[in-house]
Amino acid sequence: MPKHIAVITSGGDVPGLNACIRAIVHAAQHEGVAVSGVRHGYDGLMRGEIMPLNTDSVHDIMQRGGTILHSARSKRFETAEGREAAAKALKKTTIDSLIVIGGDGSLTGAGLFAAEHALSIIGIPKTIDNDVTGTDTCIGYDTAVNTAMQALDRIRDTADSHERMFVIEVMGRDSGYIAYAAGLAGAADGILIPETTTDWNSLTSVLKERHAGRRGSLLIVVAEGDESGGAQKLGDRLCREFPDEKIGVCVLGHTQRGGAPTAADRILASRFGVAAVDALIAGKTNLMAGVDGGKLVFTPLSEIRRRHLELTAERQRLLTVLL
Ligand code: F6P
């Protein structure tokens with residue numbers, strides 16, 4: 001039975017981190033376990049930046065984006081020396097268990113840390129890119145997709161009025177999850193993702209056909225990691241194909257990382273938070289919580305990898321019919 005759990009938010013922030021911290025605090029307090037927060041991710045852990053948490057300190061954070069603990073991408077924690085420093089800092093406290101809310105890199109680090117220093121650690125997946133194995137969905141993804149979709153809807157209004165073409169860049173360094181989902185939900189005319197190589201001739205011939213038929217606006221969604229090089233380069237290339245058109249370019253960037261989490265993200269974050277505390281109380285360690293077809297599952301941290309959007313037959317069919 002853990003006596004003192006600490007929670008860390010690591011890597012890029014996402015909407016829903018605060019909802020998860022809140023759930024962890026509630027669950028721990030409900031079971032009579034002390035709970036603290038580590039500030040500034042793994043860097044803060046190495047420096048011993050620990051703050052006590054209780055249900056009062058998290059009572060109004062469910063709806064807030066960002067993380068009250070702050071976050072960091074720690075290069076030092078990727079090394080054995082950094083993890084040793086973090087273990088030493090932990091020994092000076094009464095903390096006996098950790099919950100790490102992070103993406104694939106932070107969770108892999110958590111797995112190594114647990115194995116090297118015989119620690120009780122449970123991981124929780126968060127990233128707007130949704131590119132972590134072991135779960136259908138990560139905290140933050142749903143909100144980011146909704147934010148991108150709403151941006152597409154707004155751009156659609158002005159693009160329709162002026163019958164213009166727009167290229168909209170969404171986040172996704174190596175992953176097309178946001179582009180695919182926001183593009184479908186926003187009725188895009190083209191979706192370009194890193195997982196596929198775009199057939200330029202077929203894309204431009206579709207756009208030319210629609211443009212000639214004056215089908216109002218044309219919206220093309222591109223993931224930042226797509227081989228086209230992102231919205232600006234794609235826009236420049238399209239300008240050469242459509243020399244008489246004024247083509248709009250919009251990079252949504254970090255707008256997708258902020259804002260109030262959707263209900264789906266708040267609920268997912270709450271489920272993961274409570275499940276992580278329950279797992280520690282049940283003596284489990286070195287696992288990541290996830291959902292598989294709606295059910296809670298746990299996967300060893302050592303098996304967690306970065307994943308890419310799989311263009312299944314159904315996903316491909318939707319693109320063929322709806323774009
Ligand atoms: O965390 C994922 C992500 O938002 C990617 O989509 C994006 O490429 C990257 O983080 C941006 O990172 P930073 O905020 O450090 O520039």
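Rule-based calculations on the coordinates, nothing more; no lab input. Just so it is clear, the structure is predicted and the values come from calculations on it, not from any experiment. Ideal geometry is used to build each Cβ from the backbone, glycine not excepted, and the neighbour counts take in all protein chains shown.
Brief remarks follow.
- Peptides 28-40, 167-179 ranked from most to least packed, by the mean per-residue count of other Cβ atoms within 10 Å: 167-179, 28-40.
- Separation of alpha-carbon centers, the stretch 206-225 and the stretch 296-323, rounded to whole Å: 26
- Top positive-direction residue, dipole computed over the stretch 142-257 with Cβ charges, set 197, 187, 158: 158
- For the chain, the fraction of C-alpha pairs more than 39 angstrom apart is 21%.
- Taking Cα atoms only, the orientation of helix 231-241 departs from the longest principal axis of the chain by about 10 degrees.
- Dividing the summed -39500 (n - 2.57) terms of all DSSP H runs of n ≥ 4 by the residue count of the chain sets its mean residue ellipticity at 222 nm at -13000 deg cm²/dmol.
- Taking amide H atoms as placed 1.01 Å from N in the peptide plane, the amide H of residue 248 lies under 5 Å from those of 165, 166, 167, each 5 or more residues away in sequence or on another chain.
- Relative packing of peptides 121-130, 153-162, 89-98, 261-270 - highest average C-beta neighbours within 10 Å first: 121-130, 261-270, 89-98, 153-162
- Close amide H partners of residue 37, meaning residues 5 or more places away or on another chain with modelled amide H under 5 Å apart, are 7, 51, 53.
- Efficiency of FRET between residue 54 and residue 92 - r from beta-carbon atoms, R0 25 angstrom, step 0.05: 0.70
- Under 5 Å between amide hydrogens, built in the peptide plane, is the criterion, and for residue 97 it picks out 4, 6 among residues at least 5 positions away or on other chains.
- Rounded to 10°, Cα long-axis angle of helix 263-281 versus longest principal axis of the chain: 30
- Whole-Hz Karplus values for the stretch 197-211 come out as 9, 6, 7, 4, 5, 6, 4, 5, 6, 5, 5, 5, 4, 5, 5 Hz, taken residue by residue from phi with 6.51 cos²θ - 1.76 cosθ + 1.60 and θ = phi - 60°; glycine and proline positions read x.
- Between 0 and 90°, nearest 10: helix 141-162 axis offset from the chain longest Cα axis: 20
- Rounded to the nearest whole Hz, the Karplus-based 3J(HN,Hα) values (6.51 cos²θ - 1.76 cosθ + 1.60, θ = phi - 60°) of the stretch 171-178 follow the sequence 6, x, 4, 10, 10, x, 4, 5, with x at glycine and proline.
- Hypothetical label at residue 78: residues of the stretch 100-125 whose amide nitrogen lies under 16 Å (7 Å Cα-Cβ projection): 103-113
- DSSP bridge orientation in the chain - percent antiparallel, rounded to nearest 5: 25
- Packing-based order for 134-145, 42-53, using average beta carbon neighbours within 10 Å, highest first: 134-145, 42-53
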